[in-house]
Amino acid sequence: MTMKIFGLAGWSGSGKTSLIVKLIPELVARGISVSTMKHAHHDFDIDQPGKDSFEHRQAGASEVIISASKRWALMHEIRDEEEPSVDELIARMTPVDLLLVEGFKWHSHPKMEIHRPSVGKPLLQLDDPEIIAVASDEKLTGLAVPVLDLNDFSCVADFILAQCSLKAA
């Protein structure tokens, strides 16, 4: 299986996560297997002090896998290493039909910009040739790429599937 990669980029507060959580069930209902990758610009921890896995990492373990009957998670500590590249992270993922990437706007993959003029930030699309469409909650004119209605999840899903040459089941 060749996993298709499509990104959603935009300024903080533009609605990237809100769109993704609407797109996932839309795509899954069409028979498309979907995974996501999210970039965080801050230190984060999915673990909690006092939990065994947290203690393992604090003690110096490089990786900790937590497994249960419903899910498993791998946590990898970046101590004196560089943050892994997008391609290195993708290589660790189980292949699916479509990987939706939120953030990582500097990586070279096709992206849709999520733009809300009310956020007060400039369009990224003007400086990024990898942004092949813009989804907005307001009418935008004069762009050299398609502009989609941010609230029309079905239309956005259609666009992504067409761009990735994926057909609904």
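The values are calculated or read from the model by the stated rules, or taken from the named source; none is laboratory data. All values derive from a computational prediction rather than experimental measurement. Note that each Cβ is placed from the backbone with ideal geometry, even for glycine, and that neighbours are counted across all protein chains shown.
Have a look at GLU83, GLU26 and point out the one that is surrounded by 12 or more Cβ atoms within 10 Å (Cβ to Cβ) and either in a loop (DSSP other than H, G, I, E, B) or of a type outside the set (Phe, Trp, Tyr) (or both). Talk me through it step by step, then tell me what you get.
Numbers: GLU83 fails: surrounded by 12 or more Cβ atoms within 10 Å (Cβ to Cβ).
Testing whether each residue is surrounded by 12 or more Cβ atoms within 10 Å (Cβ to Cβ) and either in a loop (DSSP other than H, G, I, E, B) or of a type outside the set (Phe, Trp, Tyr) (or both) leaves just GLU26.
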For the range 62-77, how many residues are in a loop (DSSP other than H, G, I, E, B), modelled with pLDDT of 85 or more and either surrounded by 10 or more Cβ atoms within 10 Å (Cβ to Cβ) or not polar (S, T, N, Q) (or both)? 3
Check off (1) farther than 19 Å from ILE131 by Cβ; (2) modelled with pLDDT of 95 or more; (3) not small (Gly, Ala, Ser) for PHE6 and give me the number that stays unchecked. (1)
Going through (1) under 22 Å from SER12 (Cα atoms); (2) without any contact (Cβ under 8 Å) to a residue 40 or more places away in the chain; (3) of a type outside the set (Asp, Glu); (4) in a loop (DSSP other than H, G, I, E, B) one by one, LEU126 fails only at (4)
Residues within the range 82-116 that are among the charged types (D, E, K, R), modelled with pLDDT under 95 and over 12 Å from the mean Cα position of the chain (by Cα), tallied: 5
List pairs: first in the range 96-121 and part of a helix (DSSP H, G or I), second crowded, with 17+ Cβ neighbours inside 10 Å, Cβ under 6 Å, 6+ apart or cross-chain? VAL119/TRP11; VAL119/SER14
Answer yes if at least one residue in the range 125-148 is over 19 Å from VAL21 (Cβ atoms), modelled with pLDDT under 95 and crowded, with 19+ Cβ neighbours inside 10 Å, and no otherwise. yes
